[in-house]
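The values are calculated or read from the model by the stated rules, or taken from the named source; none is laboratory data. The structure displayed is predicted, hence computed values, not measured ones. Every residue, glycine as well, gets a Cβ built from its backbone with ideal geometry; the counts of neighbours run over all protein chains shown.
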Amino acid sequence: MFEGQPQSELEAMMKSDPEFRQLYHRHRELDKKVLDAELGVLPLDDTALGRMKKEKLNAKDRLTRMFDRRTPRRPATGAAQPAGRGC
C-alpha cells in the first residue's frame with residue numbers, strides 16, 4: 001500500500017502509533033479476504049464483499065492521511081533535470 005515510501009518511515013509509524021499499526025493489519029487482513037473472495041476461495045455474497053471492500057478502502061484512506069500527517073514531504077525522485085543539462 002505504501003509503495004515508493006521508505007520502509008524505515010513505515011516501520012517507525014508501526015512502532016510509534018498503535019492505532020496505525022492496528023489499522024494497517026486490519027487493512028492487510030481485509031485485502032487478503034477480498035482477494036480470496038474474488039478468487040472463489042472464500043464464499044461471500046455480493047453484499048458482504050461490497051461491505052468488506054468499502055471497509056478496506058476506508059482503512060486505506062485513513063492510513064494514508066495518518067501517514068501523510070506524520071511524515072515530512074520529500075521532493076519526487078526522478079524529476080526532470082533543468083533544460084541545458086545533458087547526460
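Considering region 1-14, and only residues there that are in contact with a helix residue (DSSP H, G or I) (Cβ under 8 Å, 6 or more places away or on another chain) and without any contact (Cβ under 8 Å) to a residue 60 or more places away in the chain, the residue that is surrounded by the most Cβ atoms within 10 Å (Cβ to Cβ) turns out to be 13. Taken as a whole, region 63-72 holds at least one residue that is assigned to a loop (DSSP other than H, G, I, E, B) and either modelled with pLDDT of 95 or more or of a type outside the set (Val, Ile, Thr) (or both). Across region 23-49, the number of residues qualifying as surrounded by 12 or more Cβ atoms within 10 Å (Cβ to Cβ), in a helix (DSSP H, G or I) and more than 14 Å from the chain's Cα centre (by Cα) comes to 7.
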